[in-house]
Each structure stands twice: as structure tokens, then as C-alpha cells.
Amino acid sequence: MGLKTKSEIGILKDMIGIYCRGMSHKKPCRQCDALFSYAEKKSMSCPHEGGHVFCSICSVHCYDEIHREKIREVMRYSSRRYFLKHPVTTLSHGMALLRKRKEEKNKESQKA
């Protein structure tokens, strides 16, 4: 497992924790633990570990539909709150996301 994957798993754990506390779930929350375990397993077995930026912009979705929707819900809730705790990490994630989208847009315009 690469350093990038470890970092992503740590961020994911933090964001699910923010969501769980924010929803006033009892500790430990089985649903949130199960979601984290699922996401961790998928991150560890990612076929694009070295070549992609984040799951949200990956062309191949490893998550099943139910887990994908749940993780989107968690991310929507946690993203602003995570920014307050970890602004540098959040900004670097945003910059990487913008770079990746710009690269994809350039590739599409070159094909046309």
C-alpha cells in the first residue's frame, strides 16, 4: 500500500467520523464502521492506485451503487467541516481535483 493510499484512507476515516458524530450516532456506529471497512477494502484493491487522483473523478467506479450514494452523502456533509480542521489537506485535494478535470478537458478538446 502506497503512501497516497494510506493518506486517503486516513482522510476517509476522519470524514466518516465527522459524519457519524454530526448525525448523533451512538459510538461505535456499526453503519459508519461498515462503510469505512468497505471503502478501505476498495481503496486497498484499487487498480488505479498510482495513476488516478480521487475516486470521485475516476472513470471506473469500484463501489456498488448503495455505497457510492452513502459515501457521497458523507462527503457532502463532512467536506466543509473537514476544511475547518484540515484546511491545507482540503485545499490540496481541491487543487488536484481541478488539475485532473483540466487535463480531461484538454484531452477531450484534442480529440475533437
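Assorted remarks:
- Two-site label geometry, His61 and Gln110: point separation in nm, points 7 Å out along Cα→Cβ: 2.8
- Estimated FRET transfer efficiency (His48, His86; beta-carbon r; R0 22 Å; 0.05): 0.35
- Candidate values (1) 36; (2) 28; (3) 33, label of the one derived for percent of Cα pairs over 22 Å apart: (1)
- Hydrophobic, long helices, defined as DSSP H runs whose alpha-carbon span along the helix axis is 20 Å or greater and whose mean Kyte-Doolittle value is at least 0.5, do not occur in the chain.
- Candidate lysines - alpha carbon under 24 Å from Lys85, same-chain residues fewer than 8 apart omitted: Lys4, Lys6, Lys13, Lys26, Lys27, Lys70
- Cβ crowding within 10 Å averaged over residues, with 66-78, 7-19 ranked highest first: 7-19, 66-78
- Once both labels are positioned 7 Å from their Cα atoms along Cα-to-Cβ, the gap between Lys100 and Lys27 label points is 3.2 nm.
Just so you know, all these numbers are worked out from the coordinates, no wet-lab data involved. Predicted model, so just to flag it, every value in this text is computed and none were measured. Cβ: placed from backbone, ideal geometry, glycine included. Neighbour counts: every protein chain shown.
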